[in-house]
Amino acid sequence: MHARYPDFRLGKVLATSFTATLTERRGDAVERIPVPQRLVDWLVVSGLAVESCTTAQLELAWELRESIHATLTAAAIQDALPESAVQVINDRSVQGRAAALLTPEGHRQWRLSSASCVEDALGVIAADAISILAGERDGKLALCASPTCQAAFFDTSQSRTRRWCDMNTCGNRQKKARFNANQRKSPRSAT
């Protein structure tokens, strides 16, 4: 991976991990796939290995990412899904020609139609978003409680009460801020 770019936030859910390639949307936004090669890197670590990506394919990926984010956010707040975003997700899903394969270990693996077919990888991501939005998966859509993040995430915790998209970033940041605020409120006793 390229050290000059911020780390990826990888989760267990493909579609929400993909939307996390743009973070801090309500603060100082952090673009984690600013160039085509960075999208290749993300796809590789996400099990959708491609060899190359063009600027046009990166733009398709950004459009899909923002469409997934818009629909997941709308669904999380029980609002109507934006029609234009739904259309982009459907278009990417239809254009992909990836095949699901079962590994000897019993895991699903994706085979893309060619080593450089970003469209196939985007189709897999779009299909994952569709399965979440259609209610086919066990979990609950939620929005991160961080005021600067507000990312949509898929809560699969047993209680379905998760508050943060990622405890290691947003959750810790908020807990640290709350701790520091409490420290300022209660002056330490002099010993």
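The values are calculated or read from the model by the stated rules, or taken from the named source; none is laboratory data. Just so we're clear, the structure is a prediction, and the values are computed from it rather than from any experiment. Counting neighbours? That spans all protein chains shown, and the Cβs are built from the backbone with ideal geometry, glycine included. Each accessible area value is taken on the protein alone, full model and side chains, heavy atoms only, with ligands, DNA and RNA left out. Shrake-Rupley method; radii C 1.70, N 1.55, O 1.52, S 1.80 Å.
Of the set (1) part of a loop (DSSP other than H, G, I, E, B); (2) over 16 Å from the mean Cα position of the chain (by Cα), all apply to residue 172 but (1). When segment 1-27 is examined, which residues are found to be over 15 Å from the mean Cα position of the chain (by Cα) and without any contact (Cβ under 8 Å) to a residue 40 or more places away in the chain? Listed by number, the residues that qualify are 2, 3, 4, 5. Comparison of 20, 29, 61, 15 shows that the only residue that is farther than 20 Å from residue 117 by Cα, open to solvent by less than 30 Å² (accessible area, probe 1.4 Å) and hydrophobic (A, V, I, L, M, F, W, C) is 20. In the set (1) farther than 19 Å from residue 133 by Cβ; (2) part of a loop (DSSP other than H, G, I, E, B), the condition left unmet by residue 56 is number (2).
Picking from residues in segment 98-148 that are touching an Asp or Glu at 6+ places or on another chain (Cβ under 6 Å) and not polar (S, T, N, Q), the one that is most open to solvent (accessible area, probe 1.4 Å) is 140.
Filtered by the rule that a residue be under 13 Å from residue 61 (Cβ atoms) and aliphatic (A, V, I, L, M), segment 91-128 gives 118, 121, 122, 124, 125, 126. For segment 1-40, residues that are at pLDDT 95 or above and not in a helix (DSSP H, G or I) total 3.
One line per residue, one yes/no per condition, for (1) touching a residue at least 12 places away in the same chain (Cβ under 8 Å); (2) within 22 Å of residue 27 (Cα to Cα):
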| residue | (1), (2) |
| --- | --- |
| 67 | yes, yes |
| 92 | yes, no |
| 96 | yes, no |
| 114 | no, no |
| 138 | yes, no |
| 141 | yes, yes |
| 145 | yes, yes |
| 149 | yes, yes |
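Return yes or no: is residue 79 within 23 Å of residue 26 (Cβ to Cβ), among the acidic types (Asp, Glu) and within 16 Å of the chain's Cα centre (by Cα)? So residue 79 fails the test. Within segment 77-99, the set of residues being at pLDDT below 95 and of a type in the set (Lys, Arg) comprises 97 only. Return the residue satisfying two criteria in turn: it lies in segment 32-53 and is surrounded by fewer than 17 Cβ atoms within 10 Å (Cβ to Cβ) and not hydrophobic (A, V, I, L, M, F, W, C), and of such residues it is nearest to residue 8 (Cα to Cα). Filtering first and then ranking leaves 34.
When we screen 74, 56 for residues that are over 30 Å from residue 145 (Cα atoms), among the aliphatic types (A, V, I, L, M) and either surrounded by 19 or more Cβ atoms within 10 Å (Cβ to Cβ) or modelled with pLDDT of 95 or more (or both), the only hit is 56.
The test for being within 23 Å of residue 33 (Cα to Cα), of a type in the set (Asp, Glu) and open to solvent by 50 Å² or more (accessible area, probe 1.4 Å) holds for residue 66.
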